[in-house]
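Visitor: What follows is a single structure, and I will ask about it in a moment.
Bear in mind these aren't lab numbers, they're just calculated from the coordinates by the rules spelled out. Quantities reported herein were computed from a predicted structural model and do not represent experimental measurements. Backbone-built Cβ (ideal geometry, glycine too); neighbour counts: all protein chains shown.
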Amino acid sequence: MSLRPNVSNAEESPLSEEFLVICLCAEWCGICRDYRAGFDGLASQFPDTRFCWVDIEDQADDLGEVDVENFPTMLIRRHQLVLFFGAILPHQSHLRMLIEAFREQTPAESLAYANSNPERRGWQENQELCRLGMIK
């Protein structure tokens, strides 16, 4: 699988960032097109976090069985832990708050959070979600 990193921070970023934020959208979606600028802006505010924009149609093969029902859908990982997977309101401030909250957690707190309910435990067991963001 190869997801295209967001150009605003991909060139100087190593492949081993602690946090990864993937936006799953579609070019045909007006909300997604409007959201893109804010997403790119957040990437510049968090240079040590890798941001990837994934068009669910252009990169459908990379997604496997991952189901995207609403836009924008976000996947946020800390190393191999899936901390968030779901649709959010298309406001840059909402994603910023999520990222900041996860960055404030210690690794142990992130582990506890990722396993704190059945839905989150399911994310950890979902091989399709776990492999998203793995760059060859």
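Visitor: Mind checking which residues of the range 114-128 are within 19 Å of F102 (Cα to Cα), outside any helix (DSSP H, G or I) and not hydroxyl-bearing (S, T, Y)?
Guide: Of everything in the range 114-128, those that are within 19 Å of F102 (Cα to Cα), outside any helix (DSSP H, G or I) and not hydroxyl-bearing (S, T, Y) turn out to be N115, N117.
Visitor: Quick one: how many residues across the range 25-63 are farther than 22 Å from Q80 by Cα and without any contact (Cβ under 8 Å) to a residue 24 or more places away in the chain?
Guide: Adding up the residues that qualify gives 4.
Visitor: For the range 90-113, how many residues meet the condition of being free of Cβ contacts under 8 Å to residues at least 60 places away in the same chain and part of a helix (DSSP H, G or I)?
Guide: 16
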